[in-house]
Amino acid sequence: RRKFWGELLAELNHPILFQRVSPSKDYWLIAGAGISGLSYTLLITKSYTAIEFSINRASKEDNKRIFNSIEKNKSEIEERFGYPLLWEIMSESKMSRIKYQLDNVNFYVDSDLETIKAFFIKNLAPFYEAFNPVVNDLKKR
């Protein structure tokens, strides 16, 4: 995984996200969104890959309140991004997340690696741009 993340980070070339992130052995990479507990996460698994906007502050109540606040902008966010997103409040969990997922790809299948990389390269900037206005509004509160 460290090799994959290293190659991806070199190709992502996003001016803000993942600039100070190092490749890891984990199945995820996380870049802060500029507010404590809010982040952009890249995930690789045996069955899917995804870009997530994660809400994982210390307080479960805080996380659900922030999720609900962001969800009020769902149509604008999805319009800016260009695709429907998966909105997961995860009531039983402390965290909540909003993600764009590509199913039926496996990180452990070499022939899927280029598809996974292309997914991240194509979608990271639009995903960031879709959420950035909402994140900036949250910073003002």
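The values are calculated or read from the model by the stated rules, or taken from the named source; none is laboratory data. Because the structure is predicted, anything quoted here is derived from the model rather than measured. As a convention, Cβ positions derive from the backbone with ideal geometry for all residues, glycine included, and neighbour counts pool all protein chains shown. What goes into the accessible areas is simple: the full protein's heavy atoms, side chains included, and nothing from ligands, DNA or RNA. Shrake-Rupley method; radii C 1.70, N 1.55, O 1.52, S 1.80 Å.
Need the full-extension length gain, SER47 to ASN73, defined as separation in residues times 0.36 nm minus the C-alpha distance. One decimal, nm.
Values: separation 26, 0.36 × 26 = 9.36 nm, distance 2.94 nm.
Answer, rounded to one decimal: 6.4 nm.
On the Cα set of the range 92-134, report Rg and Dmax in Å, please.
13.4, 37
Put a dot 7 Å past each Cα toward the Cβ at PHE4 and GLU61; how far apart are the dots in nm?
Label-label distance for GLU61 and PHE4, simple model: 4.0 nm.
Percent of accessible area on the range 1-75 owned by carbon and sulfur, 1.4 Å probe?
48
Check each of the trypsin sites (Lys or Arg not before Pro) in the range 1-101 and keep only those in coil by DSSP with at most 13 other C-beta atoms within 10 angstrom; list them in order.
Numbers: sites: ARG1, ARG2, LYS3, ARG20, LYS25, LYS46, ARG57, LYS60, LYS64, ARG65, LYS72, LYS74, ARG80, LYS94, ARG97, LYS99; in loops: ARG1, ARG20, LYS25, LYS46, ARG57, LYS72, LYS94.
Sparse-neighbourhood loop trypsin sites (Lys or Arg not before Pro): ARG20, LYS25, LYS46, LYS72.
Sorted from largest to smallest, which semi-axis lengths in Å does the alpha carbon gyration tensor of the chain give for its equivalent ellipsoid, taking the root of 5 times each eigenvalue?
Values: eigenvalues 124, 49, 46 Å².
Each semi-axis is √(5λ); the values are 25, 16, 15 Å.
Using a basic spin-label model with each label point 7 Å from the Cα along Cα→Cβ, how many nm lie between LEU102 and LYS25?
So the label points at LEU102 and LYS25 sit 2.6 nm apart.
Over the range 80-133, what percent of the accessible surface lies on carbon and sulfur atoms, probe 1.4 Å? Could the numbers behind the result be given before it?
Working: 1490 of 2820 Å².
In the range 80-133, the share of accessible area belonging to carbon and sulfur is 53 percent.
Could you provide, to the nearest whole Å², the per residue accessible area of the chain with probe 1.4 Å?
Working: 7720 Å² over 141 residues.
Dividing the accessible area of the chain by its residue count gives 55 Å².
Using a Gaussian network model of the chain whose springs link C-alpha atoms within less than 10 Å, name the residue from ILE98, ILE16, ILE77 with the highest mean-square fluctuation.
ILE16
With +1 on each Lys and Arg Cβ and -1 on each Asp and Glu Cβ, and nothing else charged, work out how big the dipole of the chain is about its Cα centre, in Debye to the nearest 20. Walk me through the numbers on the way to the answer.
On the way: 21 positive and 18 negative charges, 116 e Å.
It works out to roughly 560 debye.
Using the Karplus equation 6.51 cos²θ - 1.76 cosθ + 1.60 (θ = phi - 60°), what ³J(HN,Hα) coupling, rounded to whole Hz, does each residue of the range 69-79 give in order, writing x for Gly and Pro?
Calculated HN-Hα couplings, in order: 5, 5, 4, 4, 9, 3, 5, 5, 4, 5, 5 Hz.
Would you please state which residues of the range 35-73 a label at LYS140 would reach in this model, taking the label point 7 Å out along Cα→Cβ and a backbone N cut-off of under 17 Å?
35, 69-73
Counting only chymotrypsin sites (Phe, Trp or Tyr not before Pro) that sit in a DSSP loop (anything but H, G, I, E, B) with at most 16 other Cβ atoms within 10 Å, what is the longest stretch of the chain containing none of them?
On the way: sites that count: TYR27, TYR108.
Excluding the exposed sites themselves, the longest stretch runs over 28-107.
Looking at the range 82-141, which GluC sites (Glu not before Pro) are DSSP coil and have at most 13 other C-beta atoms within 10 Å of their C-beta?
Numbers: sites: GLU88, GLU92, GLU114, GLU129; in loops: GLU92.
Sites meeting the loop and neighbour criteria: GLU92.
According to the Kirkwood expression over distinct Cα-Cα pairs, how big is the hydrodynamic radius of the range 1-75, in Å? Mind showing how you got there, number by number?
Values: mean 1/r = 0.0728 Å⁻¹.
Its Kirkwood hydrodynamic radius stands at 13.7 Å.
Report the residue, chosen from LEU38, LEU86, LEU124, that carries the largest GNM mean-square fluctuation when the chain is represented by alpha-carbon nodes joined by springs under 10 Å.
It is LEU86.
If you wrap the range 61-126's Cα atoms in a convex hull and average its projection over all directions, what's the area in nm²?
Values: hull surface 22.3 nm².
The Cα convex hull of the range 61-126, projected and averaged over all directions, gives 5.6 nm².
What does the helix-only formula give at 222 nm for the chain: each DSSP H stretch with n ≥ 4 adding -39500 (n - 2.57), the total divided by the residues, and the result rounded to the nearest 500 deg cm²/dmol?
About -13500 deg cm²/dmol.
May I ask you to evaluate 6.51 cos²θ - 1.76 cosθ + 1.60, the Karplus curve with θ = phi - 60°, for each residue of the range 126-141 and list the ³J(HN,Hα) values in order in whole Hz, giving x for glycine and proline?
Working through the residues one at a time gives x, 5, 4, 5, 5, 8, 4, x, 5, 4, 4, 5, 5, 5, 6, 7 Hz.
7 Å from Cα along Cα→Cβ at both GLU129 and ASN13: what's the point-to-point distance in nm?
1.6
May I ask which residue of ASN13, SER24, LEU42 lies farthest towards the positive end of the charge dipole of the range 1-111, with charges of +1 (Lys, Arg) and -1 (Asp, Glu) on Cβ and the Cα centre as origin?
Comparing the listed Cα positions along the dipole, SER24 ranks first.
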